[in-house]
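The values are calculated or read from the model by the stated rules, or taken from the named source; none is laboratory data. This is a predicted model, so every value here is computed, not measured. These accessible areas exclude ligands, DNA and RNA; they are computed on the full protein's heavy atoms, side chains included. Shrake-Rupley method; radii C 1.70, N 1.55, O 1.52, S 1.80 Å.
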Amino acid sequence: MNFQTPLSALFPGTSGRLLTALVGHHIAQADRPLSLDELSKSAAVTSTQLEAALFRLGLLGLIAPRGKGEAVHLLASHIAWGALRQMVDLRDAVIDMVRREAQTRLRPAPNYLALTGAVIEGTATHPADVWELIVVPPPTAQADWHNDVAALTSHLSRALGNVVVYRIAQEIDEADARGGTHAVRVFLP
């Protein structure tokens, strides 16, 4: 799953692209009517596909009743918009989840933990794209401490729906070099 565009990952095709565009509009200007041309461009969906998908959203109460070809008016107070807005960019939620899981599962805490790879960068294009933990163990780590890191990556793979791998570095400079410029540091106390 690409956590930069989770709606498109969860709802492939027209539905995901349309929901992503509508949630973006809800965040920016929920009260402004949205023309079909504008929606078609932002969702990369043809007008024929758009009408069928909008009809379904109308049945759910997410948009106001409308005639074919008319502008879309979001029903901004619908309960589903809040949940959809939270899902529009899960990257921060994923980083927070990794931080919590690492704090719980890695004792003593690592000196350094970072996330890198196409998934966390938001550039994943294939389900097989992985993300990687780069870890520097603390000086007080036991010889089998890496087993806890392996268990953490296994747990994250199941919880996030992506293959998670890890690399151990001996120093923070080495970890930074391995992670590159796109690595996201997960700071632990």
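Some values worked out for this structure:
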| quantity | calculated |
| --- | --- |
| Protein-only accessible surface order, largest first, of E171, E121 at 1.4 Å | E171, E121 |
| Semi-axes of the equivalent ellipsoid for the stretch 24-106, Cα gyration tensor, largest first, Å | 33, 13, 11 |
| Bins of 10 Å, starting at 0 and running to the largest distance - Cα pair percent for the stretch 123-170 | 25, 49, 21, 5 |
| DSSP beta bridge pairing in the chain, given as percent antiparallel to the nearest 5 | 60 |
| Accessible surface of the chain [probe 1.4 Å, protein heavy atoms]: carbon and sulfur percent | 56 |
| The stretch 38-189: Rg to Rh, with Rh as the Kirkwood radius over Cα pairs | 1.16 |
| Global geometry of the stretch 69-153, whether rounded, prolate or oblate, following the gyration tensor of its Cα atoms and the 1.5 cut on a/c | prolate |
